[in-house]
Amino acid sequence: MKISEMKNIGVVNEEKLAQVGINTPDELRELGTEQAFLKIRHLVDEGTCLHLLYGLEGAILDIPKRELSERRKSELRNFFRQLN
């Protein structure tokens with residue numbers, strides 16, 4: 001399976017992930033949401049938004065990002081706020 005075949009990840013984000021050395025779904029799962037996001041933000045796109053963070057989490061969990069629990073969304077929002 002290609003990363004772009006995972007939920008919430010299209011070709012553009014697949015390219016961003018590849019640029020930071022994440023080329024397979026297993027590599028994304030092993031690294032985790034926050035670390036993958038940080039790599040993209042620091043190495044590829046410093047303007048990366050909260051929606052990518054949600055999308056990565058949903059991809060790892062194999063659910064649409066809108067189905068993330070409110071608790072997890074809150075955790076991810078707090079993580080994102082700490083970066084700014």
Carbon/sulfur accessible area of the chain, % of total, 1.4 Å probe, equals 47
Under the 7 Å Cα-to-Cβ spin-label approximation, Q19 and K73 lie apart by a distance in nanometres of 2.8
Residue by residue through the range 23-31, the couplings from Karplus 6.51 cos²θ - 1.76 cosθ + 1.60 with θ = phi - 60°, in Hz, x for Gly and Pro, are 10, 9, x, 5, 5, 5, 4, 5, 6
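With the contact rule set at Cα under 8 Å and sequence spacing of 6 or more, what percent relative contact order holds for the chain? Please report the intermediate quantities before stating the final value.
Details: 81 pairs, mean separation 24.4, N = 84.
About 29 percent, as a whole number.
The values are calculated or read from the model by the stated rules, or taken from the named source; none is laboratory data. Being a predicted model, the structure only gives us computed values, none of them experimental. We place every Cβ from the backbone using ideal geometry, glycine too, and count neighbours over all the protein chains shown. Keep in mind that these areas ignore ligands, DNA and RNA; they rest on the heavy atoms of the full protein, side chains included. Shrake-Rupley method; radii C 1.70, N 1.55, O 1.52, S 1.80 Å.
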